[in-house]
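J.: Below is the structure I would like to discuss, written out as structure tokens.
Since every read-out is calculated from the coordinates, none of them should be taken as a lab result. Everything numeric in this text was worked out from a predicted model, so none of it was measured. Because the Cβ atoms are built from the backbone with ideal geometry, glycine has one as well, and the counts that use them run over all protein chains shown.
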Amino acid sequence: MKSVHGARRRSLLGSLVVLALLAFAVFIPSFAQAAVPANDEIGAATAIGSLPFTDTLDTTEATTAADDPQCAGNGQTVWYTFTPSADIRLDANTFGSSYDTTISVYTGSPGALTQIACNDDSAGLQSQVIFDATGGQTYYIMAGSFFSASGGSLTLTLRQPPPPPEVGVPTTSLRNPTVSVSRRRGQRRAAARARGGGPRQALEPRVPARLGRRRGSQVPRGLRRLGTCGRERALSALQRLPAQSSSG
Ligand SMILES: [Ca+2]
């Protein structure tokens, strides 16, 4: 009997040792990963020195500070700062991250921030903002998780935006309508029809071409009967029309 009990005891001890080893193997690495990121707080933001910049970070244990701003929530926030030496267009994004991120950009100082840009989903669940930065100005970049979503593996990139892809565009749509206006209206219409461009309004300002050449107090014939103030208001409104029609 003694030998049977001894064998059972040894078997039980062996099982306990195996369980303890398994627990050690499972929990110790997770404790090691579950560190609060060094840039959890805005006061300890990671300073970005040069572009392009990319950081990969586990934000599982990042926290939300009481004064963290809102950008689709403010879960699991981490912070970066960048001060460009000259005016520059910047692209900050979380492409490649493993969770539902947000990204936002601020000027000002901690506790008194002004939001410059904020994005939740730009590509899938990842986020991107593109903004014009002023040389010498410090920008705070907050990467967070969407409301109550958990953190994960963050990939934070700050770079100059890539150039837009070249697209074949018919030359007629690029023609400046104010440049294509010729001296004679008939020639102008014929030229527009020959080019096969869009509607005539897209090629010509809606104001008589003569008006654009007038200066100072000269008044088109149709406006002469209005009072001085009325004429000025009408002229001012008419002279704004070409800019509006060409900007669309
Ligand atoms: Ca935080």
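J.: How charged is the neighbourhood of residue 90? Take every other residue with its Cβ under 14 Å from the Cβ of residue 90, and add Lys/Arg as +1 and Asp/Glu as -1.
T.: -1
J.: Would you mind checking which residues have amide H under 5 Å from residue 117's amide H? H placed 1.01 Å from N; only 5 or more apart, or other chain.
T.: Answer set, sorted by chain and number: 105.
J.: Under 5 Å between amide hydrogens, which residues at least 5 positions from residue 46 or on another chain qualify, with H placed 1.01 Å from N in the peptide plane?
T.: Residues meeting the criterion, in which the H sits 1.01 Å from N, are 79, 80, 81.
J.: With Kirkwood's inverse mean 1/r over C-alpha pairs for Rh, give me the Rg to Rh ratio of region 42-159, two decimals please.
T.: Ratio value, two decimals: 0.93.
J.: Can you compute 3J(HN,Hα) from phi for each residue in region 78-89, using the Karplus curve 6.51 cos²θ - 1.76 cosθ + 1.60 with θ = phi - 60°, rounded to whole Hz and x for Gly and Pro?
T.: 10, 10, 9, 10, 8, 10, x, 7, 9, 4, 7, 8
J.: Would you mind ranking 118, 71 by Cβ crowding within 10 Å, fewest neighbours first?
T.: Listing 118, 71 from fewest to most nearby Cβ atoms yields 118, 71.
J.: Short version: ³J(HN,Hα) in whole Hz for each residue of region 162-168, in order, from phi by Karplus 6.51 cos²θ - 1.76 cosθ + 1.60 (θ = phi - 60°), x for Gly and Pro, what are they?
T.: Along region 162-168, the couplings run x, x, x, x, 6, 10, x Hz.
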